[in-house]
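The values are calculated or read from the model by the stated rules, or taken from the named source; none is laboratory data. All values reported here derive from a predicted model rather than from experimental measurement. Cβ placement follows ideal geometry from the backbone for every residue including glycine, while neighbour counts extend to all protein chains displayed. Heavy atoms of the whole protein, side chains included, go into the accessibility calculation; ligands, DNA and RNA do not. Shrake-Rupley method; radii C 1.70, N 1.55, O 1.52, S 1.80 Å.
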Amino acid sequence: SFIKTVCTTDSRGFTRCRDYYYFNDILVVSINSKGEIEWNARVPKREVDSQGGYYLSYALAVKGEKLYFLFNENPKNLQVTDPRLLKFVNIPKSVAVLAEVNSKGEVSRDALFSAKELNKVYMRPNMCHQINASEMIIFAINGKNNMWGKLKLY
């Protein structure tokens with residue numbers, strides 16, 4: 001992740017600066033006890049906004065030898081295999097995605113729900129947490145209402 005500040009000056013000499021928050025691909029590296037890299041994996045995603053990044057980032061859960069990453073995604077990206085072709089996420093049109101990385105470094109991604117089908121419910125991944133070996137608590141916002149859910153990991 002990184003923050004990029006863009007400043008523009010208008011014809012009257014007034015300068016306006018805006019921060020853009022980027023949360024892109026997740027990189028996973030498996031290192032054995034000898035310090036050697038066994039495999040690496042890339043969970044592709046493209047996220048940027050200028051509102052503080054509240055709906056960006058990801059949540060991590062571990063179950064056995066699997067890693068789970070929960071994040072908001074552009075639904076068009078679910079079928080994209082070339083990371084250069086990924087589109088940035090648009091939160092009102094986003095889907096909550098659960099990506100799984102197995103012990104061989106293989107990545108799969110599944111859409112859980114869309115913001116649209118849940119009537120403008122927007123997940124906040126950085127507020128979601130694993131609560132035990134097989135469950136996560138999911139936090140989302142609908143207007144001024146906070147919403148909580150439980151995700152079972154299999």
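Scanning the stretch 87-134 for residues that are open to solvent by less than 20 Å² (accessible area, probe 1.4 Å) and either among the hydroxyl-bearing types (Ser, Thr, Tyr) or under 17 Å from Asp25 (Cα atoms) (or both) returns Val89, Ser94, Val95, Ala96, Val97, Ala99, Val101, Gly105, Pro125. Glu73 fulfils the conditions (1) open to solvent by 70 Å² or more (accessible area, probe 1.4 Å); (2) out of contact with any helix residue (DSSP H, G or I) (no Cβ under 7 Å at 6 or more places or on another chain) except for a single criterion, (1).
Each row is one residue, and each column tells you yes or no for (1) among the hydroxyl-bearing types (Ser, Thr, Tyr); (2) on the phi > 0 side of the Ramachandran plot; (3) in contact with a Pro (Cβ under 9 Å, 6 or more places away or on another chain).
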site	(1), (2), (3)
Ile3	no, no, no
Thr8	yes, no, no
Asp19	no, no, no
Gln51	no, no, no
Lys76	no, no, no
Gln79	no, no, no
Lys93	no, no, yes
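Exactly one residue out of Leu56, Leu67, Leu60 is under 27 Å from Glu135 (Cα atoms) and open to solvent by 50 Å² or more (accessible area, probe 1.4 Å): that is Leu60. Cβ-Cβ distances below 6 Å connect the following pairs, each with a first residue in the stretch 101-120 that is without any contact (Cβ under 8 Å) to a residue 60 or more places away in the chain, a second residue that is open to solvent by less than 50 Å² (accessible area, probe 1.4 Å) and aromatic (Phe, Trp, Tyr), and a separation of six or more residues or different chains: Ala115/Tyr122.
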